[in-house]
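What follows is a set of notes on a single structure, which appears directly below.
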Amino acid sequence: MPARNSLSNYRKLKAMAVAEGAAVFGVADVSAIEDTFCIDPKSACKGLDFGVSLGVRLSDRIVGTVTDQPSRIYAFHYKRVNSLLDEVALKVSNYIQSCGYSAFPVPASLVEDWDKMRGAVSHKKVGYLAGNGYIGRSSLLVSPKFGASVRYATVLTDMPLKADKPLKAGCGTCAACVSACPARAIKKDAKDFDVEACRELLKTFANRPGIGHSICGICIKACKGK
Ligand code: SF4
Ligand code: SF4
């Protein structure tokens, strides 16, 4: 019975992902957003209508070392968490393939389009559709349990899976990241988020000794979720 298979597949993938280090797991029906994928050639993800959204937590103590700029240990940790995410995604993908289905693990932090700062797939969008969080004023995916201190990866697949639904939650009256952002990029109205202002500051941070890539961490530290 397909419905039962979908649920049992979902449970198996979730158990595997959690055992490998994921703190957040959900599945999205991505058929409606496939045209936004930046995958070349497009045929590589044809028919992969489910997106498995995997989240690995950042260390709260290390996020706590971010001040008005990222710390070197945060920069290292950020990369390490991305590596773990890629490993979890690879293991989940290999399992899916061993069951006779297709899987496309989308790297946690590989930029495909530098102008728009886009990866192959928006992990944020997939995570939102998978019910892993809501899109906050900071433009980050906010987990109600872990705030913004989670990094995400996605596995696209045609394995039959139960799909989750987006959460009915949001920032409410919180505006902690609005006042925390040194670039003044975050506004009360999420639609007004200033991508350019954020990008410019990230470029400055990337050039600082021991940082080396476009990270900040200030709005992540401010966001505890709810
Ligand atoms: S990453 Fe930094 S500059 Fe960008 S919105 Fe967050 S706090 Fe502001
Ligand atoms: S810090 Fe508050 S306002 Fe900002 S994204 Fe998180 S929950 Fe939303």
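The values are calculated or read from the model by the stated rules, or taken from the named source; none is laboratory data. These numbers come from a predicted model, not from an experiment. Quick reminder, even Gly has a Cβ in these numbers, built from the backbone with ideal geometry, and neighbours come from all protein chains shown. For the accessible areas, the whole protein counts, side chains as well, though only heavy atoms, and no ligand, DNA or RNA atoms are used. Shrake-Rupley method; radii C 1.70, N 1.55, O 1.52, S 1.80 Å.
Structure notes:
- Residues satisfying the criterion are absent from the stretch 85-98 (criterion: modelled with pLDDT under 95, touching a Lys or Arg at 6+ places or on another chain (Cβ under 8 Å), within 24 Å of residue 162 (Cβ to Cβ) and of a type in the set (A, V, I, L, M, F, W, C)).
- Flag if residue 178 is of a type in the set (A, V, I, L, M, F, W, C), more than 14 Å from ligand 2 (Cβ to nearest atom) and either surrounded by 12 or more Cβ atoms within 10 Å (Cβ to Cβ) or touching a residue at least 40 places away in the same chain (Cβ under 8 Å) (or both): no
- For residue 92, the criteria (1) open to solvent by 10 Å² or more (accessible area, probe 1.4 Å); (2) among the β-branched types (Val, Ile, Thr); (3) in a helix (DSSP H, G or I) hold in every case but one, which is (1).
- Condition met for residue 108 (away from ligand 2 (no atom under 16 Å from the Cβ), closer than 15 Å to residue 55 by Cα and modelled with pLDDT under 95): yes
- When residues of the stretch 74-89 are limited to those that are free of Cβ contacts under 8 Å to residues at least 60 places away in the same chain and open to solvent by 90 Å² or more (accessible area, probe 1.4 Å), the one farthest from residue 53 (Cα to Cα): 76
- Residue check: residue 67 meets all listed conditions (1) under 15 Å from residue 215 (Cβ atoms); (2) among the β-branched types (Val, Ile, Thr); (3) surrounded by 13 or more Cβ atoms within 10 Å (Cβ to Cβ) but one, namely (3).
- Residues of the stretch 95-110 satisfying the condition of being hydrophobic (A, V, I, L, M, F, W, C) and either over 15 Å from the mean Cα position of the chain (by Cα) or surrounded by fewer than 14 Cβ atoms within 10 Å (Cβ to Cβ) (or both): 96, 99, 103, 104, 110
- Selection of the stretch 188-219 for residues being touching a helix residue (DSSP H, G or I) at 6+ places or on another chain (Cβ under 7 Å) and either free of Cβ contacts under 8 Å to residues at least 40 places away in the same chain or surrounded by 12 or more Cβ atoms within 10 Å (Cβ to Cβ) (or both) yields 211, 212, 213, 214, 215, 216, 217, 218, 219.
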